[in-house]
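Structure first, then comments.
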Amino acid sequence: MSLTPDDVRRLARLARIAIDEPDSAAVLERLNDVLRLIDEMRAVDTRGIEPMSHAGDPHVPQGQRLRLDEVCETDQREPYQSVAPAVEEGLYLVPKVIE
């Protein structure tokens, strides 16, 4: 499957983005490259291959990498609340928007 310049103009209109005529040819080429790659991947026979839960080596146990739960920023509550229009007991007061 490949796109035409008319397809690129239509896609740009639907996406509400402006693509100049000189840039249109480059966009068309890049989109067609992506579509060719998708066609190549679809052509690969994957029958009998189990889906992977992640892209790592299935023979190496993978744990979820977690960062330490440490405070890494200073408390900025007072300076932020000092410029707020309305604060009460440490909470920001905002106007009611739903009745």
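Based on the Stokes-Einstein relation at 10 °C and a viscosity of 1.306 mPa s, and on the Kirkwood radius from alpha carbon pairs, the chain is assigned a translational diffusion coefficient of 76 µm²/s.
By the count of neighbouring beta-carbon atoms within 10 Å, fewest first, Glu29, Glu78, Glu99 end up ordered Glu99, Glu78, Glu29. Close amide H partners of Val87, meaning residues 5 or more places away or on another chain with modelled amide H under 5 Å apart, are Leu93.
Just how large is the dipole of the chain about the Cα centre, in debye to the nearest 20, putting +1 at every Lys and Arg Cβ and -1 at every Asp and Glu Cβ? If you can, show how the numbers build up before the last one.
On the way: 12 positive and 20 negative charges, 82 e Å.
Dipole about the Cα centre, nearest 20: 400 debye.
Reducing the range 66-99 and the range 9-34 to their Cα centroids gives an inter-centroid distance of 44 Å. As I understand it, the dipole of the chain uses +1 on the Cβ of Lys and Arg and -1 on the Cβ of Asp and Glu, about the Cα centre. Which of Leu11, Val94, Pro79 lies farthest toward its positive end? Of Leu11, Val94, Pro79, it is Leu11.
Read-outs throughout are calculated quantities, based only on the coordinates presented, and are distinct from any laboratory measurement. A quick note: this is a predicted structure, and the numbers were derived from the prediction, not measured. Neighbour counts run over all protein chains shown; Cβ positions are idealised from the backbone, glycine included.
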